[in-house]
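Remarks on the structure that follows.
Throughout, read-outs are computed from the coordinates displayed, never taken from laboratory work. This one's a predicted model, so the numbers in the text were calculated from it and none came from an experiment. Note that we place each Cβ from the backbone using ideal geometry, even for glycine, and neighbour counts take in every protein chain shown.
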Amino acid sequence: QTADERSAQIPRYVRVNTALWSAPQAIKYLEGVGFMLKESISSSAYHPKEFAKDAHIPDLLLFAPQTSFADEPAYQTGKLILQDKASCFPAAVLSPPASDDAVVIDATAAPGNKTSHLSALMRNKGKLYAFERDVRRFNTLKTMLSKAQCSNVVPTHKDFLTVDPNDDEFKDVTHILLDPSCSGSGIVNRLDFLLESGTNEEDSNVTSDRLAKLAAFQLKMIKHAMGFPKVRRIVYSTCSIHATENEHVVREALLSEEAKAAQFILAPRDEALSSWPRRGLLSEMACEDDAHSVIRCSPGEDLTNGFFVSCFIRKGLANGTLK
Ligand code: SAM
């Protein structure tokens, strides 16, 4: 199968922006404009007017791949967000708190699909700092956040590596999402490439030299995140299929001085989307439990882009609360 053939089979995924309405309200509205809710939709026989709820991500709906939402008012007003299924995993796994005193960081935010997802999960409460270092992408981020009406987000044009973890503003951060630039090698849907990879040139034959540079940068970002004094949960994700950017980076991060100092381990599988069957590559991780802790999506087999998600937690702390 070519990438185009694989991409043609991927459903059109639509996330309900629960900051603005609920999934049942969205479903009722969609039925009112002519769509029919089914138990499931089949990738071998899509029907242009049928849709279904996703089995893993609450508030995510699946439509036939060619379904256009460009003229749909609910899309134009930010109530429906077009977002690949795998790219909904990081915010779901981070599971940020929805409280007035919550302080969360999205370290690499533009164009902002995961930021608006985090904001919705936080029910627009607390503070969500969204950093982006590229000015053009930062402007896109601001547009996207205002369309999605994310009122708890502080978009900040800044390099995350220059953010001081002990600064008064950030010392209480408990959850960090880290979705840094990567090779984008998992992306089969061309339209998703610029949005998801964070790199400017599409390069399916990425060299080992380039992968090594990306991995060094990704590791640096994780280690910086581990330095925030109260951080208890860090999600690291890529849209790469290469172990160099995924399992290897996680393995190195777990062995780092920063991880040892703050006692970071991988969240067990039951805290990281346990219902999703495809897990990390055992041959590339230190042990079976670690491989089961992390998530992979395979572009050929899972009807999503290729993706990787891992979640670091502090020993003795489960799901953001003391055991
Ligand atoms: N999370 C985004 C989403 O779901 O819409 C996609 C993020 S994209 C993979 C990575 C982004 O991180 C790019 O926009 C890139 O410019 C930005 N970036 C890379 N290094 C950064 C850094 N050190 N600080 C802040 N932003 C950074």
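If you count, for each residue, the other Cβ atoms within 10 Å and average over each peptide, how do 64-76, 99-111, 221-233 line up from highest to lowest? Let's see the in-between values first.
Working: 64-76: 13.3, 99-111: 21.8, 221-233: 20.2.
Packing proxy ranking, top to bottom: 99-111, 221-233, 64-76.
From the phi of every residue in segment 108-122, what ³J(HN,Hα) in whole Hz does the Karplus formula 6.51 cos²θ - 1.76 cosθ + 1.60 yield, where θ is phi - 60° and glycine or proline is x?
Karplus values, whole Hz, x for Gly and Pro: 9, 8, 5, x, x, 5, 6, 4, 5, 5, 4, 4, 5, 5, 7.
Testing the spin-label approximation: label points 7 Å from Cα along Cα→Cβ at Asp100 and Leu281. State their distance in nm.
Roughly 4.9 nm, to one decimal.
Please list log₁₀ I(q)/I(0) at q = 0.09, 0.14, 0.15 Å⁻¹ for the chain, using the Debye equation with identical point scatterers on the alpha-carbon positions.
Debye output, listed in q order: -0.43, -1.10, -1.27.
Sequence gap at least 6, Cα distance under 8 Å: using those rules, report the relative contact order of the chain to the nearest whole percent.
Working: 655 pairs, mean separation 51.2, N = 323.
16 percent.
With a cut-off of at most 16 other beta carbons within 10 Å, and DSSP calling the residue loop, which GluC sites (Glu not before Pro) in segment 1-65 qualify? Please list them. Mind showing how you got there, number by number?
Values: sites: Glu5, Glu31, Glu39, Glu50; in loops: Glu39.
Counting only loop positions with at most 16 other Cβ atoms within 10 Å, the GluC sites (Glu not before Pro) in segment 1-65 are Glu39.
Between segment 135-186 and segment 252-323, what is the C-alpha centre distance in whole Å?
22 Å
At 0.36 nm per residue, minus the direct Cα-Cα distance, what do Glu288 and Ser43 gain on full extension? Give it in nm, one decimal, please.
On the way: separation 245, 0.36 × 245 = 88.20 nm, distance 3.22 nm.
Stretched out fully, the Glu288 to Ser43 stretch lengthens by 85.0 nm.
Give a residue-ordered list of calculated ³J(HN,Hα) values for segment 255-266 (Karplus: 6.51 cos²θ - 1.76 cosθ + 1.60, θ = phi - 60°; whole Hz; x for Gly, Pro).
Once θ is set to phi - 60°, the couplings for segment 255-266 become 8, 6, 4, 4, 5, 5, 4, 9, 6, 8, 10, 7 Hz.
Which order do the peptides 120-129, 302-311 take when ranked by the mean count of other beta-carbon atoms within 10 Å per residue, highest first? Could you put the intermediate results ahead of the total?
On the way: 120-129: 20.2, 302-311: 24.2.
Descending mean neighbour count gives 302-311, 120-129.
Just rank Ser185, Ser256, fewest to most, by other beta-carbon atoms within 10 angstrom. Write out the running numbers ahead of the final one.
Numbers: Ser185 21, Ser256 15.
The order, fewest Cβ neighbours first, is Ser256, Ser185.
Given segment 1-112, report the % of alpha carbon pairs whose separation exceeds 24 Å. Write down the numbers at each step before the final one.
On the way: 1842 of 6216 pairs.
I get 30 percent for the Cα pairs in segment 1-112 exceeding 24 Å.
Could you give each residue of segment 235-244 its phi-based ³J(HN,Hα) in whole Hz, using Karplus coefficients 6.51, -1.76, 1.60 with θ = phi - 60°, and x for Gly or Pro?
My calculation for segment 235-244 gives 9, 10, 9, 9, 10, 10, 9, 7, 4, 4 Hz in order.
Over 23 Å between Cα atoms: which of Lys28/Lys49; Lys127/Lys260; Lys142/Lys220; Lys220/Lys315; Lys38/Lys114 fall into that group? Write out the running numbers ahead of the final one.
Values: Lys28/Lys49 14 Å; Lys127/Lys260 28 Å; Lys142/Lys220 26 Å; Lys220/Lys315 21 Å; Lys38/Lys114 27 Å.
Table pairs above 23 Å Cα-Cα are Lys127/Lys260; Lys142/Lys220; Lys38/Lys114.
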